[in-house]
Amino acid sequence: MSFTLRPIDTVETISPADFTANYLKPRRPLVIKGLTNNWAAREKWTPEYLKSIVGSKVVPLYDNSKADPSKPINSSAAEMPFDDYIDLIMSEPTELRIFFFNIFKAAPHLLDDIAFPKELMGGFIESMPSMFFGGSNSVTFLHYDIDLPHIFHTHFGGKKHVILFENKWKRRLYCIPNATYALEDYDVQNPDTKRFPALKGVEGQEVFLEHGDTLFMPTGYWHWMKYIDGSYSLSLRAWDASITRKAASLYNLATKGGLDSLLKMVFKGRYAAYREKVAIKRAGKALAKGRPV
């Protein structure tokens, strides 16, 4: 591993004052293992139970393949009835995953099984809880969330490998211009630093989430995730208190969402190739200066 990775701080519980002073204000990640101890979901949300809730609703699926330059970001690779998909990920390895699924639209009563950790911070976007599902071997490509929220990411079932980077490293990570994701030509677990030299020495953090663990990911953090077992996660999102951060969120949505998708649709492969060349050039300049960005 050519990245310099250290473990993410992990606690069983944490006081609001400690969380604010040591993690929220300085924007540092944290794993809270006991945050969900009083959630009904911790024991109730089994694969069979979720299948009984969603049933055969057809859901879009994503895989590990590089994004098609002719399609908007997050275009699906396939579709499948939800219950069949759950059977698949619980029985065999697959790259297929479900991205940003609002299960609560189909079953609002599931909200009774969780609790937004409002004792730790405010600003939760209560209309946007979302779930993510993946089979073993499925990977979420390296990116940061376009709307720049704080995220409380709780995992259910098996294990999930997570690697995080501060946003200050974005150019060294070969961030694609006008986008919130990295060049997809390197393996985050084992990057080829001869081909991508700017990656060497980039500092990050990692953790293997287990059932019931909650990862606090501060606003703007880059994240890469791999499902070790067929399993699923819930993300609760919250706004940062900073006005400038909220303004940056709106700017991202306009320029790195709509505009980027439009340019991809119009110019397709030419635009993709241009952006990759710029990402490589910027990474090289940042490396030459000996700093993250």
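The value given for the chain is a Kirkwood hydrodynamic radius of 19.9 Å, derived from the mean inverse Cα-Cα separation. Build a GNM of the chain with springs between Cα atoms under 10 Å apart, and of Ile32, Ile146, Ile14 the one that fluctuates most is Ile14. If you wrap the tightest convex hull around every Cα atom of the range 150-293 and split its volume per residue, you get 126 Å³.
Report the longest stretch of the chain that contains none of the GluC sites (Glu not before Pro) sitting in a DSSP loop with at most 14 other Cβ atoms within 10 Å. Present the calculation step by step, with values, prior to reporting the outcome.
Working: sites that count: Glu12, Glu119, Glu126.
Segment 127-293 is the longest.
Compute the Kirkwood hydrodynamic radius of the range 1-151, taking the inverse of the mean of 1/r over all pairs of distinct Cα atoms, and give it in Å to one decimal. Radius from the Kirkwood sum: 18.0 Å. Solvent exposure of the chain, expressed per residue, is 45 Å² of accessible area, with all protein chains present and a 1.4 angstrom probe. Comparing Cα centroids, the range 30-61 and the range 201-216 end up 20 angstrom apart. Atom-type composition of the exposed protein surface of the chain places 54 percent of the accessible area on carbon and sulfur (1.4 angstrom probe).
If the elastic network links every pair of Cα atoms under 10 Å, which of Lys33, Lys268, Lys170 fluctuates the most in the Gaussian network model of the chain? Highest fluctuation of the listed residues: Lys268. Ligands, DNA and RNA excluded, the heavy atoms of Arg245 present near 60 Å² of accessible surface to a 1.4 Å solvent probe.
The values are calculated or read from the model by the stated rules, or taken from the named source; none is laboratory data. All values derive from a computational prediction rather than experimental measurement. All Cβ positions, even for glycine, are placed from backbone atoms using ideal geometry, and neighbour counts span all protein chains on display. Heavy atoms of the whole protein, side chains included, go into the accessibility calculation; ligands, DNA and RNA do not. Shrake-Rupley method; radii C 1.70, N 1.55, O 1.52, S 1.80 Å.
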